């Protein structure tokens, strides 16, 4: 039987930064930022959010669950697209207010809702004469 | 003379997602999330925030400026530590509410305020019998 994870509240700064217990710091909306990268290449695929339930389900199932801020709903990534993210590793940052997921992607290997393999498909190209910041495709 | 960047407000979804003008979406606190990776290896170094001024200074100087939420101050990364981040590329995600900085690090090559080379120095190791989520060093 899988033991349900208990997400302890943050303690003292020393424990948060140097302790070996996950004490995630959720923001005022009850969310934590999650950066998701392709496990093998480290390519940054997307940035999303989790609430406690999404994080617990991710820990329990080994698949990435997020909280959709636009739809206000728990969201199993890939449930409809097949682009399920199998979690190879979860890391946490120094102040435990951000998670890093290293994943393998199922289905056609895509990630972004626009149909692209990753969300960061444009780069800053330069500043026009009128100050507009131009982008170009990656 | 360098032209000061003009950060246009977001337009229609189609322009935000498929346009070639940077129209960053700042949150209610006037901040945008920034993921910073090591340019050569894609290693995720840190996650931080920028306000309009930090983003404009980053675009103008080619060095990473952030907004420190704890200190409530503009912050040239590496100003005291020497760990200055030279920006090789700035990417933006589909809905333009997150930036990805690809940087080269100066000084001793470190990044995290705890002295470690990157902020994600712990991984989730497993769930204890009492439900506590254990971490281990990366």
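The values are calculated or read from the model by the stated rules, or taken from the named source; none is laboratory data. Source: prediction; values computed, not measured. Here the Cβ positions follow ideal geometry from the backbone for every residue, glycine too, while neighbour counts run over all protein chains shown.
Starting from segment B:4-15, keep only residues that are closer than 8 Å to residue A:133 by Cα, then list their pairs with residues that are exposed (fewer than 10 other Cβ atoms within 10 Å of the Cβ) and at pLDDT below 95 whose Cβ atoms are within a distance under 8 Å, requiring at least 6 positions of separation or different chains. Between residues of segment B:4-15 that are closer than 8 Å to residue A:133 by Cα and residues that are exposed (fewer than 10 other Cβ atoms within 10 Å of the Cβ) and at pLDDT below 95, the close pairs are B:6/A:130.
For segment A:86-114, residues that are assigned to a loop (DSSP other than H, G, I, E, B) and in contact with a helix residue (DSSP H, G or I) (Cβ under 7 Å, 6 or more places away or on another chain) total 4.
Selection of segment B:22-45 for residues being under 17 Å from residue B:85 (Cβ atoms), facing chain A (nearest Cβ under 7 Å) and either under 10 Å from the mean Cα position of the chain (by Cα) or surrounded by 19 or more Cβ atoms within 10 Å (Cβ to Cβ) (or both) yields B:33, B:35, B:37, B:44. Taking segment A:4-21 as the range and being exposed (fewer than 15 other Cβ atoms within 10 Å of the Cβ), within 7 Å of chain B (Cβ to nearest Cβ) and part of a loop (DSSP other than H, G, I, E, B) as the test, the residues that pass are A:4, A:20.
Scan segment A:52-74 for residues that are surrounded by fewer than 18 Cβ atoms within 10 Å (Cβ to Cβ) and under 16 Å from residue A:27 (Cα atoms) and the total you get is 5. Search segment A:72-92 for residues being free of Cβ contacts under 8 Å to residues at least 12 places away in the same chain and more than 25 Å from residue B:48 (Cα to Cα), and hand back the single one that is farthest from the other protein chains (Cβ to nearest Cβ). The extreme case among them is A:79. Put simply, of A:95, A:108, A:129, A:125 the only residue that is touching a residue at least 12 places away in the same chain (Cβ under 8 Å) and at the interface with another protein chain (Cβ under 9 Å from one of its Cβ atoms) is A:95.
Restricting segment B:111-122 to residues that are out of contact with any strand residue (DSSP E or B) (no Cβ under 7 Å at 6 or more places or on another chain) and more than 9 Å from chain A (Cβ to nearest Cβ), the residue that is surrounded by the fewest Cβ atoms within 10 Å (Cβ to Cβ) is B:115.
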